[in-house]
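Accompanying notes for the structure given below.
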Amino acid sequence: MRLNMLGYFITFAFNFIVAYFIYDESGYVKPLIHSILILIVVVIMDLIMKNKKRKSNK
């Protein structure tokens with residue numbers, strides 16, 4: 001579980017940095033929202049893939 005949390009943190013940090021340069025504004029609100037939304041998508045997809053693996057192993 002700790003490895004997943006570290007991966008999620010790295011994903012969030014990388015997305016925040018990239019989004020900060022993409023939006024090219026002095027504020028950090030848009031990149032923060034973008035990073036949070038991408039992280040939510042990643043977590044949901046990870047949960048879906050884990051559930052599919054569990055069902056196929058049974």
Flag for ASP24 being among the acidic types (Asp, Glu) and under 16 Å from the mean Cα position of the chain (by Cα) = no
Look at ASN57 and say whether it is out of contact with any helix residue (DSSP H, G or I) (no Cβ under 9 Å at 6 or more places or on another chain), surrounded by fewer than 13 Cβ atoms within 10 Å (Cβ to Cβ) and modelled with pLDDT of 90 or more.
-> no
Checked segment 14-23 for anything out of contact with any Ser or Thr (no Cβ under 8 Å at 6 or more places or on another chain) and under 17 Å from VAL41 (Cβ atoms); matches are PHE14, VAL18, ILE22
Restricting attention to segment 14-33, does a residue exist that is exposed (fewer than 11 other Cβ atoms within 10 Å of the Cβ), touching a helix residue (DSSP H, G or I) at 6+ places or on another chain (Cβ under 9 Å) and at pLDDT below 90?
-> yes
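The values are calculated or read from the model by the stated rules, or taken from the named source; none is laboratory data. From a predicted model like this one, the values you see are computed outputs, not experimental measurements. Glycine gets a Cβ as well: all are built from the backbone with ideal geometry, and neighbour counts include every protein chain shown.
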